[in-house]
Amino acid sequence: MSEVEIQERRILVVDDDVVILTIVKSVLEKTGFTVAVASNGQEGLDTARVFQPQLVVSDIRMPKMGGLQLCTELRKEPHFEDIPFIFMTAYSENIEPTRSLTNATDEILLKPIDPEELKTIATQIVGPAQK
C-alpha cells in the first residue's frame with residue numbers, strides 16, 4: 001500500500017467508566033487508530049462533530065445521554081447517517097433489545113471487552129489502522 005492510500009482511522013470511544021474508557025482507548029491506539037474519548041453521550045455528540053470519527057464505540061447506559069440516543073442523534077446529521085457503532089454493555093439482557101434498535105451493521109460487545117475481538121471488529125469496519 002502506498003503512502004497516499006494510508007489515511008488516519010479515527011474512532012470515538014464513549015463510556016462513563018473511566019477504567020473502560022482508558023482500556024478501550026489504549027487497545028485501539030496500540031493497534032494504530034487515532035482515538036478521541038467522551039464520558040457521556042452528549043459529550044460524545046459534541047466530540048464527534050469536531051473529531052469526525054469513522055466509527056463510534058459506545059457504552060449503552062450512561063448519564064445525560066446513553067449510547068442508543070447518541071446513535072440516533074448522530075445519525076440524524078447527514079455526514080453521520082451511516083456511521084457504524086460498536087455498542088458495549090455489561091448487561092447481557094441488553095443485547096437483543098439493542099440489536100432490534102440498531103442497524104444490521106452495528107456490533108454489540110459484552111463487557112469485559114475482549115481486546116482482540118475489539119481490534120478485529122474495528123479493523124473490519126474502518127480498515128487497517130496506520131502503523
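The values are calculated or read from the model by the stated rules, or taken from the named source; none is laboratory data. Keep in mind that what you see is a predicted model, and the values were worked out from it rather than measured. Note that we place each Cβ from the backbone using ideal geometry, even for glycine, and neighbour counts take in every protein chain shown.
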- Message: For the stretch 86-103, check the following and say yes or no: at least one residue is at pLDDT 95 or above and assigned to a loop (DSSP other than H, G, I, E, B).
- Response: no
- Failed item, numbered, when residue 53 is tested on (1) on the phi > 0 side of the Ramachandran plot; (2) crowded, with 19+ Cβ neighbours inside 10 Å: (1)
- Name, by its number, the condition in (1) at pLDDT 95 or above; (2) surrounded by 17 or more Cβ atoms within 10 Å (Cβ to Cβ); (3) not polar (S, T, N, Q) that does not hold for residue 115. (2)
- Query: Can you name the number of the only condition in (1) aliphatic (A, V, I, L, M); (2) touching a Ser or Thr at 6+ places or on another chain (Cβ under 6 Å); (3) crowded, with 19+ Cβ neighbours inside 10 Å that residue 74 fails?
  - Reply: (2)
